[in-house]
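The values are calculated or read from the model by the stated rules, or taken from the named source; none is laboratory data. Predicted model only: the values in this text are computed from it and were never measured. Ideal geometry is used to build each Cβ from the backbone, glycine not excepted, and the neighbour counts take in all protein chains shown.
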Amino acid sequence: MEIGLLALGLAAGVLSGLFGIGGGVVMVPALIAIFGFDILDANAISLAAMLLPVGILGVIAYYRAGYVDFKKSLLISLGLVAGSFFGAKIAMNIGEGLLAKLYAGLLLYVAVGYLDIPSLIRKKRSGPTATQPPRGSAWAFILLGIFAGVIAGMFGKGGGLIIVPALVTMFRFDSKTAAATSLTALQLPVGLPSVIIYAQQGHLNIRYAAFIAGGILFGAFAGTKIAIKTPSALFKKIYAVFLFVVTAYLLYKYL
């Protein structure tokens, strides 16, 4: 069990470094499908594994490559802390099947948005468009963090699943800068309110979370190195395909 959890952490860390998503998007389905946990236990272990700054090596690599915006990451972190409390409360009061279906729907929506098919069609017809500079007020980034925190608390994810696409589509960030900013925001213990709530309800196994966290630490660094060398357009397509695969699994398991 422990070796398997360490390997899961490595895989989650690679995806975390690649996409700035915290790794929970692969941890929760794997904990359910491979290790036999129910969704609430899986959520608790996933969130606890990400409490420590396990992606710090990835953040350092992104920073050296010039992709990290610390100010915006901090604003998002503030929102994540507040939102994660309410997300965990919601998760405790709805059925596991409904929770999984809502998550699958969210993944599908994000994946379709990341492929951005209408823009691809327009680009083919009219040629490339000029790149626009990033935008957004301080409160906008805090509100993004709050919403991402609610989703993270509900589904056991670090919130990057919401943050990265939002930074790209709404705030006009380059995809790599979005991933770097999201990963940096997730290094603070933003999921602590959620973890406390899950633990109070008896859903947390801290030992299992520690093994996964150890794997994430080294996996995130490797994923970051891959992301930095990957062209942005290809980077977005790979992320979208990854989300489609996870969505298909959840729909298969819970429909």
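From the list ILE45, ILE94, ILE21, the one residue that fits, being outside any helix (DSSP H, G or I) and either of a type in the set (Phe, Trp, Tyr) or over 14 Å from the mean Cα position of the chain (by Cα) (or both), is ILE94. Within the stretch 193-240, being at pLDDT below 80 and part of a helix (DSSP H, G or I) holds for SER232, ALA233, LEU234, PHE235, LYS236, LYS237, ILE238, TYR239, ALA240.
Annotation: ALA166 fulfils all but one of (1) over 15 Å from the mean Cα position of the chain (by Cα); (2) free of Cβ contacts under 8 Å to residues at least 40 places away in the same chain; the unmet one is (1).
Screening the stretch 50-73 for residues that are in contact with a Leu (Cβ under 9 Å, 6 or more places away or on another chain) and assigned to a helix (DSSP H, G or I) and picking the one that is surrounded by the most Cβ atoms within 10 Å (Cβ to Cβ) gives GLY58.
Of the listed requirements (1) in contact (Cβ under 8 Å) with a residue 60 or more places away in the chain; (2) buried (at least 17 other Cβ atoms within 10 Å of the Cβ); (3) within 22 Å of ALA248 (Cβ to Cβ); (4) of a type outside the set (Val, Ile, Thr), ASP41 misses just one: (3).
Scanning the stretch 130-156 for residues that are aliphatic (A, V, I, L, M) and either assigned to a helix (DSSP H, G or I) or at pLDDT 75 or above (or both) turns up ALA138, ALA140, ILE142, LEU143, LEU144, ILE146, ALA148, VAL150, ILE151, ALA152, MET154. Just to be sure, is ILE45 closer than 26 Å to ASN93 by Cβ and at pLDDT below 85? Judged against the criteria, ILE45 is not a match.
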